[in-house]
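First up is the structure itself, then whatever we jot down about it.
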Amino acid sequence: ENNEKVAVKVQHRRVYKNSRTDINTMEFLVKVADKIFPEFKLMWLVEEVKKNLPQELDFILEAKNADRLAEMFKHLKFLKVPKMYYEYSTPRLLTMEFCEGEHIDDIDFMIKNNIDRHDVCRKMGRLYSEMIFLNGYLHSDPHPGNVLVNKKENGEVEIVLLDHGLYLDIDDRFRGLYADLWLALLAPDPDKLR
């Protein structure tokens, strides 16, 4: 309507059916591996995939995850989460705001645009620390293709977080234990590391 540039994510029609076949194949192979190598106990992996894959394939859920994250981190002025357009989206088609930027591992782009890599690392560290330790809501697919870096017109560095299909809710107990682990690693306390 207003000539706004958007990004559209389309799920191929065979993806869902193929994912069921992949899960069944994986389950069969893991059962065989469990018989040969019972000490490895890999069935947990199959259960995780069974639980998470349908969530990753639901683009409406992905949009809701993005909105939740954007609201949760609106205080981080460096973070950009694309706006979702529900009226132009379905479980297999996601329409969102197009965000400028290059992959976070594109060092040449950062050098060319005078983007401080240490600043980018600090921002990512802050974002993920808050996700893990404060909010307990973790973006679970942070590879370089899902994280863009951009320099805004005002010169500020912006981190764009994409692909909100899979999040992990981290309970307070795990967050506390994980914090204790980091404190023990940073303070070298051999008793706490045990």
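All conditions but one from (1) without any contact (Cβ under 8 Å) to a residue 24 or more places away in the chain; (2) surrounded by 13 or more Cβ atoms within 10 Å (Cβ to Cβ); (3) acidic (Asp, Glu) apply to Asp141; the one that does not is (1).
Counting the residues of segment 1-29 that are in a helix (DSSP H, G or I), under 21 Å from the mean Cα position of the chain (by Cα) and not small (Gly, Ala, Ser) gives 2.
Can you tell me which residue in segment 47-59 is nearest to the chain's Cα centre (by Cα), limited to those that are acidic (Asp, Glu) and part of a helix (DSSP H, G or I)? Here the answer is Glu56. Search segment 60-80 for residues being part of a helix (DSSP H, G or I) and free of Cβ contacts under 8 Å to residues at least 60 places away in the same chain, and hand back the single one that is surrounded by the fewest Cβ atoms within 10 Å (Cβ to Cβ). Here the answer is Glu71. Only one of the numbered conditions (1) within 16 Å of Ala70 (Cα to Cα); (2) in contact with a strand residue (DSSP E or B) (Cβ under 8 Å, 6 or more places away or on another chain) is violated by His103, and that is (1).
Considering (1) over 30 Å from Lys17 (Cβ atoms); (2) among the hydrophobic types (A, V, I, L, M, F, W, C); (3) touching an Asp or Glu at 6+ places or on another chain (Cβ under 6 Å), the lone condition that Leu166 does not fulfil carries the number (1).
All of (1) touching a residue at least 12 places away in the same chain (Cβ under 8 Å); (2) out of contact with any Leu (no Cβ under 6 Å at 6 or more places or on another chain) hold for Val30 with one exception: (2).
On the basis of being surrounded by 13 or more Cβ atoms within 10 Å (Cβ to Cβ), without any contact (Cβ under 8 Å) to a residue 24 or more places away in the chain and touching an Asp or Glu at 6+ places or on another chain (Cβ under 6 Å), does Val46 make the cut? Give the steps one after another, and end with the answer.
Values: surrounded by 13 or more Cβ atoms within 10 Å (Cβ to Cβ): yes; without any contact (Cβ under 8 Å) to a residue 24 or more places away in the chain: yes; touching an Asp or Glu at 6+ places or on another chain (Cβ under 6 Å): yes.
Judged against the criteria, Val46 is a match.
For the structure I just gave you, tell me whether Val32 is β-branched (Val, Ile, Thr), part of a helix (DSSP H, G or I) and either more than 25 Å from His164 (Cα to Cα) or modelled with pLDDT of 85 or more (or both). In short, yes.
Within segment 106-119, can you find the residues that are surrounded by fewer than 18 Cβ atoms within 10 Å (Cβ to Cβ) and on the phi < 0 side of the Ramachandran plot? Reasoning before the result, please.
Quick first cut of segment 106-119, residues surrounded by fewer than 18 Cβ atoms within 10 Å (Cβ to Cβ) only: 106-109, 111-114, 116-119.
Matches in segment 106-119: Asp106, Ile107, Asp108, Phe109, Ile111, Lys112, Asn113, Asp116, Arg117, His118, Asp119.
The values are calculated or read from the model by the stated rules, or taken from the named source; none is laboratory data. Treat the numbers as computed from the prediction; the structure is a model and nothing was measured. Glycine gets a Cβ as well: all are built from the backbone with ideal geometry, and neighbour counts include every protein chain shown.
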